[in-house]
Amino acid sequence: MNEPMQNLLKLQMLEFSEKQDKNTAALIAELRGKIPPQILGHYDRLRVRGKKGLTAVINQVCTGCHMRLPLAVIMTLKHGQDIQLCDTCGRYLYLPSAAENAPALKPPESKPGQSPRRRKKTTTSAEPVADGRDRVIAEAS
(Lines give C-alpha, C1' and ligand atoms only; values in the text may rest on other atoms or scores of the structure.)
Protein backbone atom coordinates (compact mmCIF):
# COMPACT_ATOMS: atom_id res chain seq x y z
CA MET A 1 0.00 0.00 0.00
CA ASN A 2 1.40 3.40 -0.91
CA GLU A 3 2.00 6.23 1.56
CA PRO A 4 -1.15 8.35 0.96
CA MET A 5 -3.37 5.29 1.47
CA GLN A 6 -1.52 4.33 4.67
CA ASN A 7 -2.00 7.85 6.00
CA LEU A 8 -5.66 7.80 4.97
CA LEU A 9 -6.18 4.48 6.78
CA LYS A 10 -4.58 5.85 9.95
CA LEU A 11 -6.70 9.00 9.66
CA GLN A 12 -9.89 6.97 9.29
CA MET A 13 -9.06 4.80 12.29
CA LEU A 14 -8.42 7.89 14.41
CA GLU A 15 -11.54 9.73 13.26
CA PHE A 16 -13.83 6.75 13.83
CA SER A 17 -12.29 5.82 17.19
CA GLU A 18 -14.29 6.27 20.37
CA LYS A 19 -11.84 8.37 22.37
CA GLN A 20 -10.72 11.78 21.14
CA ASP A 21 -8.17 13.88 23.02
CA LYS A 22 -5.73 16.71 22.25
CA ASN A 23 -3.01 14.31 21.17
CA THR A 24 -5.41 12.59 18.76
CA ALA A 25 -6.52 15.93 17.32
CA ALA A 26 -2.89 16.92 16.68
CA LEU A 27 -2.19 13.58 15.00
CA ILE A 28 -5.29 13.96 12.82
CA ALA A 29 -4.15 17.43 11.73
CA GLU A 30 -0.67 16.09 10.92
CA LEU A 31 -2.07 13.22 8.85
CA ARG A 32 -4.42 15.55 6.97
CA GLY A 33 -1.39 17.64 5.99
CA LYS A 34 0.34 14.59 4.46
CA ILE A 35 -2.63 13.52 2.29
CA PRO A 36 -3.12 15.19 -1.14
CA PRO A 37 -6.10 17.62 -1.22
CA GLN A 38 -7.97 15.74 -4.00
CA ILE A 39 -7.94 12.49 -2.03
CA LEU A 40 -8.81 14.27 1.19
CA GLY A 41 -11.73 16.10 -0.46
CA HIS A 42 -13.25 12.86 -1.75
CA TYR A 43 -12.71 11.21 1.66
CA ASP A 44 -14.43 14.12 3.43
CA ARG A 45 -17.45 13.98 1.09
CA LEU A 46 -17.97 10.32 2.02
CA ARG A 47 -17.41 11.05 5.71
CA VAL A 48 -20.06 13.82 5.70
CA ARG A 49 -22.58 11.19 4.51
CA GLY A 50 -21.63 9.00 7.47
CA LYS A 51 -19.62 6.48 5.43
CA LYS A 52 -16.05 5.36 5.82
CA GLY A 53 -13.93 6.64 2.94
CA LEU A 54 -11.56 3.68 2.82
CA THR A 55 -12.50 0.02 2.72
CA ALA A 56 -10.67 -3.29 2.46
CA VAL A 57 -10.85 -5.75 -0.41
CA ILE A 58 -11.24 -9.36 0.75
CA ASN A 59 -11.63 -12.23 -1.74
CA GLN A 60 -12.02 -9.75 -4.63
CA VAL A 61 -15.03 -8.17 -2.88
CA CYS A 62 -15.36 -4.58 -1.66
CA THR A 63 -16.26 -4.79 2.04
CA GLY A 64 -18.09 -1.48 1.81
CA CYS A 65 -20.77 -2.49 -0.71
CA HIS A 66 -20.11 -6.26 -1.01
CA MET A 67 -19.74 -6.13 -4.77
CA ARG A 68 -17.17 -8.18 -6.69
CA LEU A 69 -14.38 -6.11 -8.19
CA PRO A 70 -12.77 -6.55 -11.60
CA LEU A 71 -9.49 -8.45 -11.65
CA ALA A 72 -7.68 -5.44 -13.13
CA VAL A 73 -8.51 -3.40 -10.02
CA ILE A 74 -7.22 -6.19 -7.76
CA MET A 75 -3.97 -6.48 -9.73
CA THR A 76 -3.43 -2.71 -9.60
CA LEU A 77 -3.90 -2.81 -5.83
CA LYS A 78 -1.48 -5.75 -5.50
CA HIS A 79 1.20 -3.93 -7.46
CA GLY A 80 0.57 -0.70 -5.57
CA GLN A 81 0.71 1.26 -8.83
CA ASP A 82 -2.28 3.54 -8.32
CA ILE A 83 -5.09 4.48 -5.98
CA GLN A 84 -8.33 2.68 -6.84
CA LEU A 85 -11.95 3.59 -6.18
CA CYS A 86 -14.83 1.13 -6.00
CA ASP A 87 -17.05 1.71 -9.04
CA THR A 88 -20.18 0.94 -7.01
CA CYS A 89 -19.81 2.77 -3.68
CA GLY A 90 -17.02 5.25 -4.49
CA ARG A 91 -14.81 4.32 -1.54
CA TYR A 92 -11.03 4.08 -1.75
CA LEU A 93 -9.84 0.47 -1.83
CA TYR A 94 -6.89 -1.20 -0.14
CA LEU A 95 -5.68 -4.76 0.31
CA PRO A 96 -5.30 -5.67 3.99
CA SER A 97 -2.19 -7.45 5.20
CA ALA A 98 -2.28 -11.24 5.60
CA ALA A 99 -2.69 -10.91 9.39
CA GLU A 100 -5.83 -8.76 9.00
CA ASN A 101 -7.26 -11.05 6.32
CA ALA A 102 -6.95 -14.25 8.40
CA PRO A 103 -10.18 -15.52 9.97
CA ALA A 104 -10.43 -14.72 13.66
CA LEU A 105 -12.25 -17.90 14.67
CA LYS A 106 -11.81 -21.45 13.47
CA PRO A 107 -14.96 -23.00 12.05
CA PRO A 108 -16.58 -25.41 14.51
CA GLU A 109 -15.57 -29.00 14.04
CA SER A 110 -18.13 -31.77 13.97
CA LYS A 111 -18.80 -33.48 17.28
CA PRO A 112 -16.77 -36.68 17.72
CA GLY A 113 -19.71 -38.73 19.06
CA GLN A 114 -21.93 -38.19 16.03
CA SER A 115 -22.25 -40.92 13.46
CA PRO A 116 -24.13 -40.72 10.20
CA ARG A 117 -27.79 -41.69 10.39
CA ARG A 118 -28.72 -45.14 9.21
CA ARG A 119 -31.48 -45.38 6.71
CA LYS A 120 -34.21 -47.96 6.95
CA LYS A 121 -34.17 -50.68 4.39
CA THR A 122 -36.87 -50.25 1.83
CA THR A 123 -38.61 -53.30 0.51
CA THR A 124 -39.42 -53.75 -3.12
CA SER A 125 -42.91 -54.65 -4.20
CA ALA A 126 -41.74 -58.05 -5.53
CA GLU A 127 -40.83 -59.32 -2.05
CA PRO A 128 -43.62 -60.60 0.20
CA VAL A 129 -43.93 -58.88 3.54
CA ALA A 130 -44.02 -61.25 6.50
CA ASP A 131 -45.66 -59.29 9.25
CA GLY A 132 -47.78 -61.98 10.88
CA ARG A 133 -51.17 -60.67 9.70
CA ASP A 134 -51.55 -63.50 7.20
CA ARG A 135 -51.47 -66.02 10.00
CA VAL A 136 -54.15 -64.22 11.97
CA ILE A 137 -56.45 -64.11 8.95
CA ALA A 138 -55.84 -67.83 8.20
CA GLU A 139 -56.54 -68.89 11.80
CA ALA A 140 -59.76 -66.88 11.95
CA SER A 141 -61.19 -68.66 8.88
Scanning region 15-49 residue by residue, the ones that are aromatic (Phe, Trp, Tyr) and either surrounded by fewer than 12 Cβ atoms within 10 Å (Cβ to Cβ) or in contact with a His (Cβ under 6 Å, 6 or more places away or on another chain) (or both) total 1
In region 62-76, anything touching a residue at least 24 places away in the same chain (Cβ under 8 Å) and within 17 Å of Met5 (Cα to Cα) is listed as Cys62, Gly64
For region 36-52, check the following and say yes or no: at least one residue is farther than 21 Å from Cys86 by Cα and among the acidic types (Asp, Glu).
no
Say we look at region 82-104 and pick out the residues that are among the polar types (S, T, N, Q), in a loop (DSSP other than H, G, I, E, B) and out of contact with any helix residue (DSSP H, G or I) (no Cβ under 9 Å at 6 or more places or on another chain); which of these is modelled with the lowest pLDDT?
Ser97
Residues (touching a Lys or Arg at 6+ places or on another chain (Cβ under 9 Å) and either surrounded by fewer than 13 Cβ atoms within 10 Å (Cβ to Cβ) or more than 13 Å from Arg91 (Cα to Cα) (or both)) located in region 60-76:
Gln60
Farther than 18 Å from Ser97 by Cβ and in contact with a Pro (Cβ under 9 Å, 6 or more places away or on another chain): is that true of Ile28 in this structure?
no
State which residue pairs qualify: first residue free of Cβ contacts under 8 Å to residues at least 60 places away in the same chain and closer than 11 Å to Leu14 by Cα and inside region 27-38, second residue surrounded by 11 or more Cβ atoms within 10 Å (Cβ to Cβ) and hydrophobic (A, V, I, L, M, F, W, C) in any location, beta carbons under 9 Å apart, and separation of 6 or more residues or different chains.
Leu27/Leu11; Leu27/Leu14; Ile28/Leu11; Ile28/Leu14; Leu31/Leu8; Leu31/Leu11; Leu31/Leu14
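Residues are listed down the side, and each one gets a yes or a no for (1) modelled with pLDDT under 90; (2) touching a Gly at 6+ places or on another chain (Cβ under 9 Å):
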site	(1), (2)
Thr24	yes, no
Gln38	no, no
Asp44	no, yes
Val48	no, no
Lys52	no, yes
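The values are calculated or read from the model by the stated rules, or taken from the named source; none is laboratory data. Since the structure is predicted, the reported quantities are computational estimates derived from the model, not experimental observations. Backbone-built Cβ (ideal geometry, glycine too); neighbour counts: all protein chains shown.
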